[in-house]
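Novice: My questions all concern the structure below.
Laboratory data are not the source of any read-out in this text; all were calculated from the coordinates shown. The structure displayed is predicted, hence computed values, not measured ones. Cβ placement follows ideal geometry from the backbone for every residue including glycine, while neighbour counts extend to all protein chains displayed.
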Amino acid sequence: MRKDKKKVVGEPMTDEQVAVFMSFRPREADESVDHYMLTRAYRGLRAHDFARFLEMFQAAGHDVNAVDAEGRTFLQSIVDHAQAEDYVAALEAAGASPAQA
C-alpha cells in the first residue's frame, strides 16, 4: 500500500453505501436477481451491514428465499461456510428458510 493511502478498517458504512448492493444485477438473463444481490452483499459486506442490507432488500420487495440455478436458497448456499454464522443468523432473522420455499 502506498504511504499516502490510509488503510480503513472497520469504518462504519452509510445507508447509501449499503444500498449500493441493491443496484447489482446478474449478467446472465436467467439468473435470479434476488439471489445475485444476496450473493454480492454477502461477499462485500460485514455481517452487521449485511443485516442492514436485508432490511432494505425486503423493504424493496425482494425475496430472501430466492433460489439459484441449482434450486438452492441463498441460506442453503452459505450455511456450511466457516465464517458465515452471523450472516446465517441475519438471514434467519429476516425469515429465510433453510429449504426451498
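Novice: All but one of (1) of a type in the set (D, E, K, R); (2) surrounded by 18 or more Cβ atoms within 10 Å (Cβ to Cβ); (3) under 18 Å from VAL18 (Cβ atoms) hold for ARG43, so report the exception by its number.
Specialist: Among (1) of a type in the set (D, E, K, R); (2) surrounded by 18 or more Cβ atoms within 10 Å (Cβ to Cβ); (3) under 18 Å from VAL18 (Cβ atoms), the lone unmet condition for ARG43 is (2).
Novice: I've got another one for you. Kindly provide the set of residues from region 46-63 that are surrounded by 13 or more Cβ atoms within 10 Å (Cβ to Cβ) and among the hydrophobic types (A, V, I, L, M, F, W, C), ordered by number.
Specialist: ALA47, PHE50, ALA51, PHE53, LEU54, MET56, PHE57
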